[in-house]
Structure formats: C-alpha cells, structure tokens
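Taken together, the values in this text are just the output of simple stated rules run on the coordinates, not laboratory data. For clarity, every value in this text was computed on a predicted model and none was experimentally measured. All Cβ positions, glycine included, derive from the backbone under ideal geometry; neighbour counts span all protein chains shown.
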Amino acid sequence: MLPPSSSNTSVGQIVNVSRILRWQIYHRLQELRIPCWCPADGSLRVEVNDSVSAMLVRSTVQQFVAPRQELVDWLERCWQI
C-alpha cells in the first residue's frame with residue numbers, strides 16, 4: 001500500500017495485474033479520472049478516494065481479467081433485475 005496523499009480520505013492501492021493488462025487498465029482509469037500511475041517496478045498503483053472510485057476500479061479490473069462467460073453471466077443477471 002502507498003502512503004496516503006495530502007488528503008486524509010485517499011488511500012493508495014496496488015492493483016495486481018499482468019504487465020500486459022496494466023496499461024489498458026491504466027488508460028481506462030485515466031478516462032474515468034481516477035488517479036493512477038505505473039512505477040518502474042511494473043505495478044499499477046491507484047488512488048481510491050471514495051466508495052464510487054473503489055467500485056469503478058473493481059469493475060474496470062474485472063472487465064480485463066474475468067473470463068468471458070463470467071462477464072456474460074453477470075450481464076444476464078443484471079438484465080433479470
């Protein structure tokens with residue numbers, strides 16, 4: 001975990017993903033305006049400031065790492081609700 005930034009409510013987290021996926025996830029998080037960076041050690045670090053940011057990070061990572069069938073099943077459950 002990273003030390004919090006100047007805000008007392010923000011928390012830096014390391015997202016464990018392959019180096020191949022980290023740039024795709026990084027760019028998507030940037031589009032969502034979620035602070036993140038890729039240091040030289042190959043990790044993806046994300047600043048999570050609130051519950052909405054946490055859900056967006058989780059959702060974004062899931063889009064890239066979950067098996068296709070899992071995503072299809074999730075979408076079908078959403079349509080049923």
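Mind checking the angle between helix 19-31 and the chain's longest principal axis? C-alpha axes, 0 to 90 degrees, to the nearest 10. Long axis of 19-31 versus the principal axis of the chain: about 90 degrees.
Taking Cα atoms only, the orientation of helix 68-80 departs from the longest principal axis of the chain by about 70 degrees.
Computed from the C-beta positions of residue 40 and residue 63, the FRET efficiency with R₀ = 22 Å rounds to 0.30. Each peptide in 39-49, 13-23 gets a packing score, the mean of other Cβ atoms within 10 Å over its residues, and the list from highest to lowest is 39-49, 13-23. Which FRET efficiency value, to the nearest 0.05, is calculated for residue 14 and residue 76 with the Förster distance at 41 angstrom and r the Cβ-Cβ distance? Efficiency at R0 = 41 Å is approximately 0.80. Which whole-angstrom value gives the distance between the alpha carbon centres of region 45-59 and region 22-41? Each part reduced to its Cα centre gives a spacing of 12 Å.
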